[in-house]
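Data block below; observations after.
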Amino acid sequence: MEKAGEILTGLFHELEDYIKPGMSTWEIDKFSYEYIVGHNATPGELNFEGYKYSTCISVNDMICHGCPSKDIIVKDGDLIKLDTVIEFDGYLSDACHAIVVGNASPEVQKLMDVTLKSLYLGIDQAVVGNRIGDIGNAIQTYAENLGYGVVRDYIGHGIGPTMHELPDVPHYGKPGHGTRLKAGMTITIEPMINVGDFRCSDPAEDGWTIYTVDGSLSCQYEHTIVITDNGPKILTSFDKTRDAKYLY
């Protein structure tokens, strides 16, 4: 899983340089597919439950599961959430990384900062003896106190040789409630934070893409982690300096 995570975050680094205004999300997905197979890995999302792409690319008010399209052209200032799963040697890692095309507005930058901090506040609660509710409560309390909406309908999950396993990992909840965390569990934490209403649309005509109900911006970051006796270990680190305490 750690090797899958290295390939995945290597892709994110390449995409930060590759994505430019005027490019379609279909082009981004094609690049991603070629990178993944070029590293002797498999796109875990491709053909999963009928999904036709290697990545989910959600732009601006898309919350998640954005289908790549030749008709979606990114422009300067767009907030893009890149979410994908890599399979390597039979095991999976899952992560989402947010980037801005060109220049970020103050509103977008603040949303990204809040979402990223929400993720790490959740990770800090992923220790042996805590419960799932401790993770969700840390995220919800922080984001909602700043006036943001925390998506309820799409959540984190267990992961390993299959993509979606128990336990469910909501990004809201009550401390001391839910499944108790044990060493060896591998889970994703992936808060989706909206500038406005926390609620989601029904899937779009493509059957997958989810939007905010009020057209407000949404951001997501995600890591796959393993819970150890020494604390949470990130398997999908994008920034080794930032994640130093999680990479033992």
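The values are calculated or read from the model by the stated rules, or taken from the named source; none is laboratory data. The structure presented is a predicted model; accordingly, all values stated were derived computationally and were not measured. All Cβ positions, even for glycine, are placed from backbone atoms using ideal geometry, and neighbour counts span all protein chains on display.
Comparison of 132, 139, 123, 159 shows that the only residue that is touching a His at 6+ places or on another chain (Cβ under 6 Å), on the phi < 0 side of the Ramachandran plot and not charged (D, E, K, R) is 139.
Checking each residue in the range 45-101 for being under 18 Å from residue 33 (Cα atoms), surrounded by fewer than 24 Cβ atoms within 10 Å (Cβ to Cβ) and small (Gly, Ala, Ser) picks out 50, 69, 90.
In the range 216-246, the qualifying residues are those that are surrounded by fewer than 13 Cβ atoms within 10 Å (Cβ to Cβ) and not charged (D, E, K, R), and the one that is farthest from residue 126 (Cα to Cα) is 241.
Inspect the range 113-126 for any residue being touching a Leu at 6+ places or on another chain (Cβ under 8 Å), in a loop (DSSP other than H, G, I, E, B) and at pLDDT 95 or above and give the result as yes or no. Yes, because at least one residue in the range 113-126 is touching a Leu at 6+ places or on another chain (Cβ under 8 Å), in a loop (DSSP other than H, G, I, E, B) and at pLDDT 95 or above.
Of all residues in the range 211-244, those satisfying the criterion of being β-branched (Val, Ile, Thr) and assigned to a loop (DSSP other than H, G, I, E, B) are 213, 236, 241.
Could you tell me whether any residue of the range 123-135 is crowded, with 17+ Cβ neighbours inside 10 Å and under 23 Å from residue 210 (Cα atoms)? Within the range 123-135 (the criterion being crowded, with 17+ Cβ neighbours inside 10 Å and under 23 Å from residue 210 (Cα atoms)), the answer is no, since none of the residues qualifies. Residue 146 fulfils the conditions (1) more than 27 Å from residue 110 (Cα to Cα); (2) surrounded by fewer than 19 Cβ atoms within 10 Å (Cβ to Cβ) except for a single criterion, (1). Residue count for the range 155-207 satisfying the condition of being of a type in the set (Ser, Thr, Tyr), assigned to a loop (DSSP other than H, G, I, E, B) and closer than 18 Å to residue 139 by Cα: 2.
Between 168, 197, 153, 202, the distinction of being within 17 Å of residue 227 (Cβ to Cβ) and not β-branched (Val, Ile, Thr) belongs to 168 only.
Here residue 126 passes the criteria (1) without any contact (Cβ under 8 Å) to a residue 12 or more places away in the chain; (2) over 23 Å from residue 195 (Cα atoms) except the one numbered (1).
When 98, 143, 126 are checked against the criterion of being over 24 Å from residue 174 (Cα atoms) and small (Gly, Ala, Ser), 98 stands alone in meeting it.
Taking the range 1-97 as the region of interest, the strands (runs of 3 or more DSSP E) fully inside it that hold 3 or more residues being touching a residue at least 24 places away in the same chain (Cβ under 8 Å) and touching a helix residue (DSSP H, G or I) at 6+ places or on another chain (Cβ under 6 Å) are 79-88. Take residue 212 and decide whether it is within 14 Å of the chain's Cα centre (by Cα), surrounded by 22 or more Cβ atoms within 10 Å (Cβ to Cβ) and not acidic (Asp, Glu). The answer is no for residue 212.
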